[in-house]
Structures are given as C-alpha cells and as structure tokens.
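Below is one structure, written out as structure tokens; the observations come after it.
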Amino acid sequence: MTDGFIDRLREALGQRSVLTGADIEPRYCHDLAGNSVAQPRAVVRPSTTEEVSAVLRLCHREKVPVTTQGGMTGVVGGALPNANEIVLSMELMNAVEEVDTSSGAAVVQAGAPLQKVQERVEQEGYMFPLDLGARGSCTIGGNISTNAGGNRVIRYGMARDLILGLEVVTADGTVLQGLRKYIKNNTGIDLKQLFIGSEGILGVVTRAALRIFPAPTERQVALCALPSFAQVISILEMARRHLGGELTAFEVMWNEYYRLTVERVKGVVGPLPIHHSFYALIEASGDDADRIHADLEKLIETSMRTNMILDATLSTSNASAATIWRVRESSLELSRTFPYAARIALDVSLAIERMDEYVKAIGVRIKAIDPCAFAIVFGHAGDGNLHISLHHEHTPDKREDLEKLAYQITSEFGGSISAEHGIGVEKLRYLKMSRTQEEIETMRMLKRALDPNNILNPGRIFRM
C-alpha cells in the first residue's frame, strides 16, 4: 500500500465512508461464532455499485487485500479481516429496490438483511422462502456467498435455487450486469453460479434478483417424539408421500439437543417431555387450511397407532407454531451455555440413512481423545444436513485433535464437511477431505483468472 492510499479512498467515497483507527467499531472485528481479530487498516462503506467498483479498482492497482462483510453472522471466520486488509462493508447498500409480483422477483442490494427482504415481500402477499435463525442480521449478500440453506430447503432449495440474476463487481472493478428477472436464459455459461457459494473470493455481489412465491395462507407445525432413527426415516418418507409439495420443513433433534435446550435456554418451553430418543419437527404449508391440518393429523394418528410416533403435538395457532420452532432455533443460545473454548461446531451433509451410524461413530470415537467429551446433534434431516456441537470441557487443548477426527469420520462416511456455512478459514485445512485435488486446483484456476492479484478474501476456502 503506497502513501496516500487511504486519502484516495476518501476522495472516491467521501470522508464519512472510510473509517480508520478509533472510528472502527469492534463489530467489524468479530463474528457470530465469537471469533475476534485485530483492527483492519480501514473500513470502507460504499453506498452504490459505482463506489464498490472504485474501491476495488484502487485496491487491485495497489494490490491491497479486501475482506467483504455483510451481517457478520458467519461461523467459519470468512469475514474476519487480517490486519493488513481493507474491510468492504456492504451495510449501507441495504435497500429492497423492487418487488415485482408479475415476474415473481424482488431486486435487492446485497447488504439488505434477510428479514427485511422477507417482511417487504410479505407486504405484497408473497414470500422469499430462504429462512434461517440469523434472519434478523444476516444479509442477502452473505446468504449468496455461502449458498445458504436453512429451514425450507426440502421444498424450495438452497440459495442457489432462489437467485434469478446478480450484479457483481470483479477484483479489478469491472461491473458484471447480470441482474435479470427471468428463469430461462440459455446464452452460454451461467456466470452467476460462479459467485454463489464462492465466499466472495471471485467477486463482490452488489445486487440480486431473487425468486419470490405467493405466500401460503396456512402453516401447520407438528412436533413428534420417536423411539429410534429408523422411525425418523420412516416418518420422513411418509411425510413426503402424504404431504407432497406441502411439506415445507423436516427437522430432527437428538435427545441431548432437545433436553438440554429445554433445560438450559431461558424462555424455551418444551411442548413434549424430554425423555424421548428423537424429536421430529414437521411443517406443512399451503392454501387449504382444512386439508393441510387433516393430512398432518392423519399422518400423526396413523404413525402413533403403529408406535412409530410415541407422542406428538400439533400447532393450533401461529403462537404455538412459534413455540415449537423456538426449540429448534435455539441452538446458538444453547451453545453459549457451554464454555466457548471447548466447543466445536460441525455443519455436515451425508446420506440420511447413514446419519444415525455417523452420530454414534462420532460419539464413541471422540471419547478416545477425551472420555468426557459428548456431542449435541440436530439438523435439517429432510435435506441431509446435520449440525453437531462437540463439547470437551476437560480438554480445551485437544480442540484440533477432536476437530480433525470429526472431519475424518465425515470423510469416511462420504459426507461433506460443510453443508451451508462454507469453508472460510476455519475449515480450510480440511477441504481436501470433501473435494479432490483436481477440483481444488480448478477452483484456483478460476481464482487466478478473475482475481490475478489475489485481493478478494485471500486465504479463504483455499490458499493460492
């Protein structure tokens, strides 16, 4: 970085949009996982795509590394800057520019919080179905960069399936105008797919055209207690058959997660007793309230007659549905009731029929390192995604050994080490357990082509 670089940034964006020294608030230096780093050289807050382009042109020319930040809700360190980097915060580019119900599209800026987008679209009787617990603070740009999944993947797919078009600024400041509001576009390579899930290493997303859908008028949620994971699989298959396209979510909680959440998280009320082995949350939504209620009720009654389900409760209002979901969405609050230095968060995908065997293998094999270690498990079973929290309070110095073992077991089961959180820096060393060397080298080839000076989020996903 040459002398006067910060001054040139201020000339391009204005004095108030470039923060240095004491003006850099702590929120730019820590993320949702509790990780914290030293201050970056500067925090730049553009208000327009043109300003993003101007910043990246300067950084490209001076070879100054840039970390793009959204809502800082990541848990793999991908948005935490190094001391020599410039933070490119998208917080001022937070507008919902357009809701076009005729096209089924909403055009939003990358810094718009997910909940803000959801609420604006709901005003038109529509929904943006991407949904996750951090909805109030995570941003659309962050959702796109990590190909976020969340609670409704079983019906609507990942973020990748909900993006119609993107406006992206590449490392040298070039603006790619791909903001289109239609699905069919067979005009060569679909460039937007390069930037979805690539964690900001290939370009900075500035605006997005999102798919929106007519909002269902009815939502029913059931919580079921089951004796074994075999019954969880059976109920999932039955739900797919009997609810069809109305099945919105299918979540599973192992006993430890459900029990400890009810016992340790303030404000959480357990709708069912805490002694059962498994708990499945089933959500169905649509426009025919009577049919949805009847179909879900019939599914539960049939399963209880054959002892597939031991106990169940069905929502009777939005409030009771929220109470059921509150248990499932309290994972962050639960994790914070344990010492930070001795917990490891895993976000993995694997074949549903192998989940129970995988969880048992994790539980047994971590005890070879720490006999008192244990796992808390829940996940989006309907789409093969498990979240596992490993706790080793008596051996905080064994974190790396336990983490390596867990990802090794994931590899043995043919799973992915990241289902929806991304690789960032925390999982960088384990990428080879899920991707071949040829795949990783192809990623590097794309990085070299689009970011030859390696300024965009360097050291994330892989090293050059």
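Determine, yes or no, whether Val327 is of a type in the set (Val, Ile, Thr) and not assigned by TED's automatic domain parsing to the domain that holds Ala289. If you could, list the steps in order and put the result at the bottom.
Working: of a type in the set (Val, Ile, Thr): yes; not assigned by TED's automatic domain parsing to the domain that holds Ala289: no.
No, not satisfied.
With respect to the conditions (1) closer than 19 Å to Val52 by Cα; (2) of a type in the set (Val, Ile, Thr); (3) surrounded by fewer than 20 Cβ atoms within 10 Å (Cβ to Cβ), Thr101 falls short on a single one, namely (1).
Considering the range 212-243 alone, what residues qualify as being of a type in the set (A, V, I, L, M), part of a helix (DSSP H, G or I) and in contact with an Asp or Glu (Cβ under 9 Å, 6 or more places away or on another chain)? Residues satisfying the conditions are Ala230, Val232, Ile233, Leu243. Go through the range 399-454 and count every residue that is more than 29 Å from Pro371 (Cα to Cα) and either assigned to a helix (DSSP H, G or I) or over 24 Å from the mean Cα position of the chain (by Cα) (or both). Residues meeting the conditions: 18. Checked against (1) assigned by TED's automatic domain parsing to the domain that holds Arg399; (2) at pLDDT 90 or above, Arg343 meets all criteria but (2). Considering Pro129, Pro40, Pro113, the condition of being within 30 Å of Ile6 (Cβ to Cβ), in the same structural domain as Ala148 (by TED's automatic domain parsing) and in contact (Cβ under 8 Å) with a residue 12 or more places away in the chain is satisfied by Pro113 alone. Only residues that are of a type in the set (A, V, I, L, M) and either in contact with a helix residue (DSSP H, G or I) (Cβ under 6 Å, 6 or more places away or on another chain) or part of a loop (DSSP other than H, G, I, E, B) (or both) were counted across the range 46-57, and they come to 1.
Can you tell me which residue is nearest to Ala208 (Cα to Cα) among those in the range 143-174 that are touching a residue at least 40 places away in the same chain (Cβ under 8 Å), crowded, with 17+ Cβ neighbours inside 10 Å and of a type in the set (Val, Ile, Thr)? Going through the qualifying residues, I end up with Ile163.
Flag set for Ala208, criterion: in contact (Cβ under 8 Å) with a residue 60 or more places away in the chain, assigned to a strand (DSSP E or B) and crowded, with 23+ Cβ neighbours inside 10 Å.
Against the test of being in contact (Cβ under 8 Å) with a residue 40 or more places away in the chain, buried (at least 16 other Cβ atoms within 10 Å of the Cβ) and more than 21 Å from Asn151 (Cα to Cα), the options His276, His293 yield a single qualifying residue, His276. Pairing residues of the range 240-259 that are assigned by TED's automatic domain parsing to the domain that holds Cys224 with residues that are aromatic (Phe, Trp, Tyr), at Cβ distances under 6 Å and at least 6 apart in sequence or on separate chains, gives Met253/Tyr279; Met253/Phe378; Tyr257/Phe378; Tyr258/Tyr279.
Residue-wise test of (1) assigned by TED's automatic domain parsing to the domain that holds Thr206; (2) more than 14 Å from the chain's Cα centre (by Cα); (3) not small (Gly, Ala, Ser).
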residue: Gly142; (1), (2), (3): yes, no, no
residue: Arg160; (1), (2), (3): yes, no, yes
residue: Leu164; (1), (2), (3): yes, yes, yes
residue: Asp172; (1), (2), (3): yes, yes, yes
residue: Lys181; (1), (2), (3): yes, yes, yes
residue: Asn186; (1), (2), (3): yes, yes, yes
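Kindly indicate whether any position in the range 247-255 is in a helix (DSSP H, G or I) and touching a His at 6+ places or on another chain (Cβ under 7 Å). Step through it out loud before you land on a result.
Taking the range 247-255 and keeping what is in a helix (DSSP H, G or I), we get 255.
Still in the running and touching a His at 6+ places or on another chain (Cβ under 7 Å): 255.
Yes: one or more hits.
Ser198 falls short on exactly one of the conditions (1) within 23 Å of Ser349 (Cα to Cα); (2) assigned to a loop (DSSP other than H, G, I, E, B); (3) at pLDDT below 95, and that condition is (3). Taking interchain pairs and intrachain pairs at least six residues apart, which have beta carbon atoms under 8 angstrom, with the first residue in the range 61-81 and on the phi > 0 side of the Ramachandran plot and the second at pLDDT 90 or above and polar (S, T, N, Q)? From residues that are on the phi > 0 side of the Ramachandran plot, the pairs are Lys63/Asn453; Met72/Ser137.
The values are calculated or read from the model by the stated rules, or taken from the named source; none is laboratory data. The shown structure was predicted, so the numbers you read here are calculated from the model rather than taken from an experiment. Here Cβ is always computed from backbone atoms with ideal geometry, including for glycine, and neighbour counts include all displayed protein chains.
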